[in-house]
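A short worksheet on the structure shown next.
The values are calculated or read from the model by the stated rules, or taken from the named source; none is laboratory data. Quantities reported herein were computed from a predicted structural model and do not represent experimental measurements. Positions of Cβ are backbone-derived with ideal geometry, glycine not excepted, and every protein chain shown enters the neighbour counts.
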Amino acid sequence: MSKTPILQFGTSRFLQARLVLFVSAAAARDARLGGITVVQTSGLGGGANRLSALARGYKAPARDRRFSQMGPAA
């Protein structure tokens, strides 16, 4: 297995949230996935800032709001 078996293209918050969901699900099964490589796919400043923060080990707060916690659709 490679050192970074997960490759994420893009630095959007949506992609980061999906990655957190998948990694958390694997951790709940005690399946260690290894490292994660994030590739910035645009030159936008927000993505560059998020990538820099991730490289420094920053862990953004995350809220888990699953669909089962939501009320019925109107």
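Pull up the range 1-49, narrow it to residues that are closer than 18 Å to Lys59 by Cβ and polar (S, T, N, Q), then point me to the one that is surrounded by the most Cβ atoms within 10 Å (Cβ to Cβ).
Thr11
Considering only the range 21-45, state which residues are modelled with pLDDT under 80 and assigned to a helix (DSSP H, G or I).
Result: Gly45, single match.
Step by step: first the residues of the range 46-59, then only those that are outside any helix (DSSP H, G or I) and among the basic types (Lys, Arg), then the one that is nearest to Val23 (Cα to Cα). Which residue is that?
Step one: list which residues in the range 46-59 are outside any helix (DSSP H, G or I), which gives 56-59.
After this cut, where a residue has to be among the basic types (Lys, Arg) as well, the list is 56, 59.
Values: Arg56: 19, Lys59: 14 Å.
Among them, the one singled out is Lys59.
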